[in-house]
1. In the stretch 45-61, whose amide N lies under 19 Å from the spot 7 Å out along Cα-to-Cβ of Phe102? List them in ranges.
2. Accessible area of Ser32, 1.4 Å probe, to the nearest 10 Å²?
3. Could you give the length gained by full extension between Ala29 and Asp54, i.e. 0.36 nm per residue of separation minus their alpha carbon distance, to one decimal place?
4. With r as the distance between the Cβ atoms of Tyr82 and Ala62 and R0 = 22 Å, compute the FRET efficiency 1/(1 + (r/R0)^6) and round to 0.05.
5. Heavy atoms only, 1.4 Å probe, whole protein assembly: order Leu80, Leu112, Leu34, Leu93 by accessible area, highest first.
6. Is the C-alpha gyration tensor of the stretch 42-99 telling us rounded, prolate or oblate? Criteria: a/c under 1.5 is rounded; beyond that, a/b larger than b/c is prolate, otherwise oblate.
7. Mind grabbing the base-10 log of I(q)/I(0) for the stretch 6-111 at q = 0.12, 0.21, 0.23 Å⁻¹? Debye formula, identical points on the C-alpha positions, no solvent, two decimal places.
8. What distance in nm separates the simple spin-label points at Arg39 and Met22, each placed 7 Å from Cα in the Cβ direction?
Amino acid sequence: MQDWGMAVPPSIGDNAVVVTCMATPHGAARGSELVRYLRSNTDCNRVLLIATADGRGPEPVAAKARIRTLSAYIDGVVRLPYIQRWRYMDDPLSQPAPHDYFIQLNKVRDFLADSCVYVNY
């Protein structure tokens, strides 16, 4: 187990925690590791996992299985799709995101309606 140091405070209180990871087998494993740490070492009440696709095509089976298993221990999972055209742009935010991207971002916004602590791992 990695020493998290001061990255995750032991007292989170009523704040929601957002854990981000890549939707790859490695990313899902690391996200799972962090969620297990949060649940056993902090007073964290609410956890949202954001899994970001790393390319076109289906999510790897191992990543999908890990995230599905993890979903029993967290309050929500949001999967952000890969946007191919953004990879080739100097200023990707100058172009509108696809509709399904906004649907996923709205799920994040709804989850964070109160307050949160952001942990990027």
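The values are calculated or read from the model by the stated rules, or taken from the named source; none is laboratory data. Everything numeric in this text was worked out from a predicted model, so none of it was measured. Please note: Cβ atoms are built from the backbone with ideal geometry, for glycine as well, and neighbour counts cover all protein chains shown. What goes into the accessible areas is simple: the full protein's heavy atoms, side chains included, and nothing from ligands, DNA or RNA. Shrake-Rupley method; radii C 1.70, N 1.55, O 1.52, S 1.80 Å.
1. Taking a point 7 Å out along Cα→Cβ of Phe102, no residue of the stretch 45-61 has its backbone N under 19 Å.
2. We get 10 Å² for Ser32.
3. Working: separation 25, 0.36 × 25 = 9.00 nm, distance 1.50 nm.
That pair, Ala29 and Asp54, stretches by 7.5 nm at full extension.
4. Details: r = 17 Å, r/R0 = 0.79.
So the FRET efficiency works out to roughly 0.80.
5. Details: Leu80 20, Leu112 50, Leu34 0, Leu93 145 Å².
Result, largest first: Leu93, Leu112, Leu80, Leu34.
6. Verdict is oblate for the stretch 42-99.
7. Calculated log10 I(q)/I(0) at the listed q: -0.45, -1.12, -1.23.
8. 2.5 nm
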